[in-house]
Amino acid sequence: MPILIFFLCHWFGSLFCQTFFLHRYSSHKMFAMNKFWERFFYGFTILVQGSSFLNPRAYAIMHRMHHAYSDTEKDPHSPHFFRDVWEMTMHTKQIYLNYAKYNVEPEKPFRGKYPEWPLMDKIGNSWLVRILFGIGYFLFYLAFATHWWMFLLLPIHFFMGPIHGALVNWCGHKYGYANYDNEDHSKNTVPLDFLLMGELMQNNHHKSPNSVNFAKKWFEIDPTYPLIRLLALLRIIQLKRT
């Protein structure tokens, strides 16, 4: 039971940081928050994503490119130009590193103000820190795993952030249905979307990229949206669009 709880907490905690902080805040500015809360969620993202921390600036630039070039050859991660999800992920990784590790200036349309915290970026991107997180995951499993096959979950912990990104970009542009004609291949993958906290409603999101609620039909549920409304009610964030 401890292993299951730990895995689910890591899975959904990492997902929340990706969809709430990296995607809806850093990339789209769907809501505002003061400097204290921005740095709180910045640090929380490093803590929760751990060994697979994704730099907010690099993530945001790449995601804006994805919207601008959706399912074209310039799209950083369209599944329709790669043989498999691994090839797509490796291509995405190189573009990501250009903006995270080497701090390359993006094209003019994608320049702007992104969350930046150089000290925490250095910590989160450090191989030493990533390895220490990995060792921590292993030690937890060593202490609480009751069957050998549980250790097969460890690679998911090590690469949690990129795994979530690969699932969203591959499945969200290949499988499911479309509510709107966005002139791309974006799809809504319901009900699997619940496991990705709203991120698999790609067709809805590409239709209204600045809408904080990714669900549009009566049978669609965006699990992150109620959490965002709660944070707005607590005055931690200020919604710009609904």
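Bear in mind these aren't lab numbers, they're just calculated from the coordinates by the rules spelled out. Computed from a prediction, not measured in an experiment: that's the story for all the values here. Methodologically, a virtual Cβ is constructed for each residue, glycine included, from the backbone with ideal geometry; neighbour enumeration extends over all protein chains shown.
Quick one: would you say residue 184 is acidic (Asp, Glu) and under 26 Å from residue 73 (Cβ atoms)?
Taking the combined requirement at face value, the residue satisfies it.
Identify all residues within the range 228-242 that are surrounded by fewer than 15 Cβ atoms within 10 Å (Cβ to Cβ) and either in contact (Cβ under 8 Å) with a residue 40 or more places away in the chain or outside any helix (DSSP H, G or I) (or both); write none if there are none.
234, 235, 238, 239, 240, 241, 242
Among (1) under 18 Å from the mean Cα position of the chain (by Cα); (2) more than 23 Å from residue 159 (Cβ to Cβ), there is one condition residue 48 misses while meeting the rest; what is its number?
The failed condition is (2).
Could you go through the range 61-75 and let me know if any residue there is under 20 Å from residue 225 (Cα atoms), within 15 Å of the chain's Cα centre (by Cα) and crowded, with 23+ Cβ neighbours inside 10 Å.
no
Inside the range 118-133, can you point out the residues that are surrounded by fewer than 18 Cβ atoms within 10 Å (Cβ to Cβ) and either closer than 12 Å to residue 10 by Cβ or in contact with a Ser or Thr (Cβ under 6 Å, 6 or more places away or on another chain) (or both)?
The answer is 130, and nothing else.
Can you tell me which residue within the range 114-135, out of those that are more than 18 Å from the chain's Cα centre (by Cα) and among the small types (Gly, Ala, Ser), is farthest from residue 101 (Cα to Cα)?
In this case the residue turns out to be 134.
When you check residue 26 against the structure, is it among the small types (Gly, Ala, Ser), farther than 25 Å from residue 233 by Cα and either touching a Leu at 6+ places or on another chain (Cβ under 9 Å) or surrounded by 13 or more Cβ atoms within 10 Å (Cβ to Cβ) (or both), yes or no?
On the way: among the small types (Gly, Ala, Ser): yes; farther than 25 Å from residue 233 by Cα: no; either touching a Leu at 6+ places or on another chain (Cβ under 9 Å) or surrounded by 13 or more Cβ atoms within 10 Å (Cβ to Cβ) (or both): yes.
So residue 26 does not fit the description; no.
Collect the residues in the range 198-214 that are in contact with a helix residue (DSSP H, G or I) (Cβ under 7 Å, 6 or more places away or on another chain) and small (Gly, Ala, Ser), keeping them in residue-number order.
The answer is 198, and nothing else.
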